[in-house]
Protein chains: 4
Amino acid sequence: MIQIFTTGGTIDKVYFDANSEFEVGHSLLPELLSESNIHEGYRLRELLRKDSLEMTDSDRQLVLQAARECDCARIVITHGTDTMADTAAVLAGLSDKTIVLTGAMQPARMRRTDAVFNVGFAWAAVQLLPPGVYIVMNGEVFEAGAVRKNLHAQRFERT
Amino acid sequence: MIQIFTTGGTIDKVYFDANSEFEVGHSLLPELLSESNIHEGYRLRELLRKDSLEMTDSDRQLVLQAARECDCARIVITHGTDTMADTAAVLAGLSDKTIVLTGAMQPARMRRTDAVFNVGFAWAAVQLLPPGVYIVMNGEVFEAGAVRKNLHAQRFERT
Amino acid sequence: MIQIFTTGGTIDKVYFDANSEFEVGHSLLPELLSESNIHEGYRLRELLRKDSLEMTDSDRQLVLQAARECDCARIVITHGTDTMADTAAVLAGLSDKTIVLTGAMQPARMRRTDAVFNVGFAWAAVQLLPPGVYIVMNGEVFEAGAVRKNLHAQRFERT
Amino acid sequence: MIQIFTTGGTIDKVYFDANSEFEVGHSLLPELLSESNIHEGYRLRELLRKDSLEMTDSDRQLVLQAARECDCARIVITHGTDTMADTAAVLAGLSDKTIVLTGAMQPARMRRTDAVFNVGFAWAAVQLLPPGVYIVMNGEVFEAGAVRKNLHAQRFERT
């Protein structure tokens, strides 16, 4: 059983014409998983619906608590990319679960997006990595506390 | 460095109106990887361009030879799903490389497809699995020789 | 009120992995129209579900009869491109309705397709053209009886 | 020959992760037309790249001037939906050309969008309507000066 926690971020942004802008919508993950023939073996809970630049310490504690209390040993967290490394660092103390954070540079609802690849990558990573906290982006696995988002290059890299 | 070998299969099928049918086209993998911000760290070679129901023992030997001679320790092979388990079984003797076979039930060129998720899943699996030969489909990892395609359920399962 | 009659063709082809081939599926038109904010003002009836190379004289008479008996003055017919001109010629006698035939070179279910553009084009054409029978493809309007599909160039042209 | 003038709007919005927001990008029209087998018979010029809420009287005069000086008798203008009716009203004096304004509620780069249907609809409308200025949205033709965007219903309607 894999537990998915969604917190928002670009991956789940929807375009609202009424506001002339993009806002985080409901998670597209169940639809993406279903399109990939995965219909069971996971639970999904929305913790937050925020752009990660707006996440507070209190929000990160909420994520930590949910991960800590979760009875699954394998957790995938979708998250905005801007402060994903910060949330990963807050979770880094947890040592009895495999926790994989991922997100996307382009919303999953776009014709061209990295979202689906990243979710597939995370789905394998959470099953294969030993207990610990990780970020998976641009086709690589990073350990929490040793990763950052390189804004200029628009990719994640080891620190 | 990850080596990709493409052999054809549904994943790369293209609709040719002139023939009123679907045929295997060039691999969409470089485009999919690029959309997911992966531009380097791999090589791709097309071995075959066949529907896997048409693959012969000779074709499978060609794949085995390419895998054997490859100087990469990590290989992803895209393949039609109908006889993917057969090719995996032929490769099963190789013990010094991590070889992951994947494909798709719906062509990568469709609006709704499992192709992108499967490629993302395979990209993680090939980096994280120990040496051996595996099939990854419907979000699971299967060992070569102990997997089959359940035609009725349209998914792969352990034998 | 616009009446839609669907007869099959590439536009509605679906990939069935179990058969390793493409077959005509249910029409995607209601979904396409809904995505374009059109939820009413039309009726849809499936007359046939055939690749147009398999349509018989009897099939074309069925289409003619449906068009003749239809109480709408505006009819859109989706049809395979290979023999669309033949069906248009059979309908050409009808002079009291605006009948527009269209289809697609790539299934509507593909990421890249002409289907949606063609349906939008047909939706305008059926409202703006005077009574008569027309084919609309590759962004042009053709009169029934004076059009053919140029197989080599993969487009429709005036004869 | 059809002249396309692009002014921006939702239809051409692109998601820029670096800014965590959507901005108007280059027009997707050439790509959309090419996917629909239209490779010639038109010219495209970008006049502006603005969200239509930010268009000024000066901007609308620029559009008017471009339309007036254009030597084509048929013009398609892509435009943000929020003030499309205002620009149409400014153009309404032109009586020697067929001018069709359209746009989209969802960016053309989304998986689900009305953009492609609207462009197809406009492509037919500009060829079939008599000289005058029109808006085409949600599958209908509206005359400039007698149309508004119903924000609540998210559609265009006659005034």
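The values are calculated or read from the model by the stated rules, or taken from the named source; none is laboratory data. Given the structure is predicted, the values throughout are model-derived calculations rather than measurements. No Cβ is skipped: glycine too gets one built from the backbone with ideal geometry, and neighbour counts run over all protein chains shown. Surface accessibility is based on the protein's heavy atoms, side chains included, excluding ligands, DNA and RNA. Shrake-Rupley method; radii C 1.70, N 1.55, O 1.52, S 1.80 Å.
Mean sequence separation of contacting Cα pairs (under 8 Å, at least six apart), scaled by the length of the stretch C:11-159, corresponds to a relative contact order of 20 percent. The antiparallel fraction among DSSP beta bridges confined to the stretch B:2-158 stands at about 40%.
Note on chain B: with charges restricted to the Cβ of Lys and Arg (+1) and Asp and Glu (-1), its dipole about the Cα centre is near 280 debye. Calculated on the alpha-carbon coordinates, the convex hull of the stretch D:44-99 measures out at 75 cubic angstrom per residue. Our summary of shape: the Cα atoms of the stretch B:103-159 have principal axis extents of 34, 28, 12 Å, ordered from largest down, in whole angstrom. If one computes the Cα centroid of the stretch B:27-66 and of the stretch A:8-68, what distance in Å separates the two points? The two parts, judged by their Cα centres, are 34 Å apart.
Please label the shape of the stretch B:1-73 as rounded, prolate or oblate, based on the square roots a ≥ b ≥ c of the eigenvalues of the alpha-carbon gyration tensor (a/c under 1.5 means rounded; beyond that, a/b larger than b/c means prolate, else oblate). Here the stretch B:1-73 falls in the oblate category. Answer rounded, prolate or oblate for chain B, using the Cα gyration tensor with square roots of eigenvalues a ≥ b ≥ c: rounded when a/c is under 1.5, else prolate when a/b is larger than b/c, else oblate. Rounded shape, in that the Cα axes give a/c under 1.5. Here's the picture: charge each Lys and Arg Cβ at +1 and each Asp and Glu Cβ at -1 in the stretch D:2-158, and of D:V119, D:F5, D:I77 the one pushed furthest to the positive end of that dipole is D:V119. Across the identical copies, the label point of D:G25 (7 Å from Cα in the Cβ direction) is separated from its matches by 1.8, 2.0, 2.7 nm, in order from shortest.
Normalising by residue count, the protein assembly as shown has a Cα convex hull of 163 Å³ per residue.
Of the candidates C:Q127, C:Q106, C:Q65, which one comes out as most mobile in a Gaussian network treatment of chain C with C-alpha springs shorter than 10 Å? Most flexible of the set in this elastic network: C:Q65.
Inter-label distance, B:A89 to B:Q154: 2.5 nm, where each label sits 7 Å from its Cα along the C-beta direction. Taking amide H atoms as placed 1.01 Å from N in the peptide plane, the amide H of D:L101 lies under 5 Å from those of D:I77, D:Y134, D:I135, D:V136, each 5 or more residues away in sequence or on another chain. Amide H contacts of A:L44 (H built 1.01 Å from N, in plane; Pro and chain starts excluded): A:I4 sit under 5 Å, all sequence-distant by 5 or more or on other chains. Spatially, the stretch C:113-158 and the stretch D:105-159 are offset by 20 Å when compared through their Cα centroids.
Take D:E157, move 7 Å from Cα toward the beta carbon, and the resulting point lies 4.8, 5.4, 5.5 nm from the same point in each other copy, nearest first. Annotation: B:T7 carries an accessible surface of approximately 0 Å², with a 1.4 Å probe and no ligand, DNA or RNA atoms counted. Result for chain B in a Gaussian network model with C-alpha springs under 10 Å: among B:A67, B:A144, B:A18, the largest mean-square fluctuation is at B:A18.
Think of each Lys and Arg Cβ as +1 and each Asp and Glu Cβ as -1; about the Cα centre, that makes the dipole of the protein assembly as shown roughly 0 debye. Projecting the Cα atoms of B:P107, B:L44, B:L94 onto the charge dipole of the stretch B:2-158 (Cβ charges, centred on the Cα centre) puts B:L94 farthest toward the positive pole.
Using Cβ point charges alone (K and R +1, D and E -1), the dipole size of the stretch D:32-106 about the Cα centre works out to roughly 180 debye.
Sequentially through the stretch B:29-37, phi angles give Karplus couplings (6.51, -1.76, 1.60; θ = phi - 60°) of 4, x, 5, 5, 5, 5, 5, 9, 6 Hz, Gly and Pro residues having no value and appearing as x. For A:V147, the residues whose amide H sits under 5 Å from its own are A:T159, ignoring neighbours fewer than 5 places away on the same chain, with H placed 1.01 Å from N.
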